[in-house]
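Here the structure comes first, spelled out in structure tokens, and everything after it is commentary.
The values are calculated or read from the model by the stated rules, or taken from the named source; none is laboratory data. Predicted model only: the values in this text are computed from it and were never measured. With ideal geometry, Cβ positions are generated from the backbone for all residues, glycine too; neighbour counts draw on all protein chains shown.
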């Protein structure tokens, strides 16, 4: 049973209702010429029809892929342009979209359908879904946040079902749990943990709108408190957001019955757990209810999971000096192997830091139609995660990233994509910008900082207008707001010995306030 | 302070001082004037999360709750203040 909980009311879907809607979608897609192996992109906002649409594609053997719907604060034309390259690359056989963007997406090359049109059709068609090939592609999961061509992670039925089986075992599911979620389904945590897992395992799901959750954060706890043995997956920043607004929790809400609040998709921070316990300890929240998971789309979802029912272990990273405390992400799932390797690719001992590599039956088959990229990350059955960490007593600890990934509120933003987006801002020197993240202890996520050199011949009165153009571009294209945009004098940014602009060194100098800049005053 | 706290939202020009205080706290990197036509692209750090913080903080100042379904539709700060005023009616 799926409950779509919105401020305006609740909508309940039964399994029979989902099945009927799914068959209507399947019939409608088939009538539009969609066939086995075709990709269908789903640009749908939060609504009851998300799961029937997803399953309706699979009913006829097509490959669904959830994409971000148009955000309330986004320019429709900019939103479309951010997806155009991906649509061209994937060549979907059809698109299912919200009515307000249907005309925008329609260019005459492929059918763009609304869910209402599909669900209004006859059930018709086959009584049973097409037989699936275990090695066929079950779903395309696209990476989030980049402006370039998003990576389409191709996941087979075998990989997905293996993950659901082994992750269910790691969670020790009994079938009596309820999943409560506000996460968007185009994100792997929202799709796999909070949609596919309950659907395959037959667990009730309570699904909230992500934007409504932001302004009513404690509703997710109220829903979880009312449900039986609730499981709630949350990115790290959500723990801070919940803790800040604890006074909004309804007075009669006790949290002692919630099975687990699972921290995932951003670095899991012990101080965020401490804030939660400080804010909700008097409502019955206990340390053993706060759990962690290490996950990525390339393994369908979870690589490791902490043991539910026991407090998560804390440990400092090995090495000189006093490193920050880390939370254990638990043990690898059954069947998944982890290898921690040094820069030369040699496996290191337990307790030593290196790059995490993963191998196992729930690993992806490659990036969709991106063979060269796949080769750089997948070798001899091992996936190089680009995550830095160590294993101790069989438990995985993650301490950082090799990539210049900035994780803002659970979204992965790639520094090189942001920098490329700033290449043609009037007043800035092309190719002379760096983007990096700065940890924000209050929000529990990272803030984006931009350093960019001005063109020669200007003066500091131009800093404000240039910074505003940068902010406008970031907001429109990436839906992100930089904490600071620093417009620098020409030739200020530090280069590496190979001539590239050094993100690390420029970040260090920014933090030490050593940069000679035209500080933009908004 | 006005006797009816919500009456200070009626101005078509001014942003009440209490809202300005909230704004300064949430957006410490913004030092410019706070006015009704101010938009997210002009303010460092005004993203979806801080937008939600702004709404919840202003709700608490005036003791009202706005419809969460419309909470992300505002074109500028003035539209948020107008919705707060409507929510109190």
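Quick notes on this structure:
- The single condition among (1) under 27 Å from residue A:235 (Cα atoms); (2) away from chain B (no Cβ under 12 Å); (3) crowded, with 16+ Cβ neighbours inside 10 Å that residue A:504 does not satisfy is (3).
- Assessment of the stretch A:189-197 against the conditions (crowded, with 21+ Cβ neighbours inside 10 Å, modelled with pLDDT of 95 or more and over 30 Å from residue A:88 (Cα atoms)) yields at least one matching residue.
- Of residues in the stretch A:268-279 being crowded, with 22+ Cβ neighbours inside 10 Å and in contact (Cβ under 8 Å) with a residue 40 or more places away in the chain, the one farthest from residue A:230 (Cα to Cα): A:269
- Residue A:427 meets the stated requirement of being at positive phi and either more than 26 Å from the chain's Cα centre (by Cα) or surrounded by fewer than 18 Cβ atoms within 10 Å (Cβ to Cβ) (or both).
- Qualifying residue in the stretch A:485-494 (condition: assigned to a strand (DSSP E or B), without any contact (Cβ under 8 Å) to a residue 40 or more places away in the chain, within 30 Å of residue A:80 (Cα to Cα) and more than 24 Å from the chain's Cα centre (by Cα)): yes
- Any hit, the stretch B:8-25, residues being more than 30 Å from residue A:464 (Cα to Cα), more than 14 Å from every other protein chain (Cβ to nearest Cβ) and either at pLDDT below 85 or surrounded by 18 or more Cβ atoms within 10 Å (Cβ to Cβ) (or both): yes
- Some residue of the stretch A:221-235 being within 14 Å of another protein chain (Cβ to nearest Cβ), within 30 Å of residue A:83 (Cα to Cα), at pLDDT 95 or above and touching a strand residue (DSSP E or B) at 6+ places or on another chain (Cβ under 9 Å): yes
- Complete set of residues in the stretch A:389-418 that are touching a residue at least 24 places away in the same chain (Cβ under 8 Å) and not in a strand (DSSP E or B): A:393, A:394, A:402, A:404, A:409, A:410, A:415, A:417, A:418
- Condition met for residue A:463 (buried (at least 21 other Cβ atoms within 10 Å of the Cβ), assigned to a helix (DSSP H, G or I) and at pLDDT 85 or above): yes
- Any hit, the stretch B:36-48, residues being closer than 24 Å to residue A:208 by Cα, touching a helix residue (DSSP H, G or I) at 6+ places or on another chain (Cβ under 7 Å), assigned to a loop (DSSP other than H, G, I, E, B) and within 9 Å of chain A (Cβ to nearest Cβ): yes
- Among helices (runs of 4 or more DSSP H) entirely within the stretch A:1-93, having at least 2 residues that are under 20 Å from residue A:190 (Cα atoms) singles out A:15-31, A:50-59.
- Members of the stretch A:437-457 found to be more than 21 Å from the chain's Cα centre (by Cα) and part of a strand (DSSP E or B), listed by number: A:450, A:451, A:452, A:453, A:454
- Of the residues making up the stretch A:248-270, just one is in a helix (DSSP H, G or I) and in contact with a helix residue (DSSP H, G or I) (Cβ under 9 Å, 6 or more places away or on another chain), namely A:248.
- The residues listed here are A:69, A:5; of these, the one that is within 14 Å of chain B (Cβ to nearest Cβ), touching a residue at least 24 places away in the same chain (Cβ under 8 Å) and within 16 Å of residue A:194 (Cα to Cα) is A:5.
- Filter result for residue A:432 (assigned to a strand (DSSP E or B) and buried (at least 16 other Cβ atoms within 10 Å of the Cβ)): yes
- Enumeration of residues in the stretch A:103-122 that are touching a strand residue (DSSP E or B) at 6+ places or on another chain (Cβ under 7 Å), free of Cβ contacts under 8 Å to residues at least 60 places away in the same chain and closer than 23 Å to residue A:152 by Cβ: A:106, A:110, A:112
- Screening A:319, A:335, A:284, A:345 for residues that are surrounded by fewer than 17 Cβ atoms within 10 Å (Cβ to Cβ), at positive phi and without any contact (Cβ under 8 Å) to a residue 24 or more places away in the chain leaves exactly one candidate, A:345.
- Unique match (being touching a strand residue (DSSP E or B) at 6+ places or on another chain (Cβ under 8 Å) and within 14 Å of chain B (Cβ to nearest Cβ)) among A:466, A:356, A:388: A:466
- Within the stretch A:137-174, restricting attention to residues that are at pLDDT 95 or above and in a loop (DSSP other than H, G, I, E, B), the residue that is nearest to residue A:417 (Cα to Cα) is A:171.
- Here is the figure for the stretch A:371-383: residues that are surrounded by 17 or more Cβ atoms within 10 Å (Cβ to Cβ) and either in a loop (DSSP other than H, G, I, E, B) or at pLDDT 95 or above (or both) total 2.
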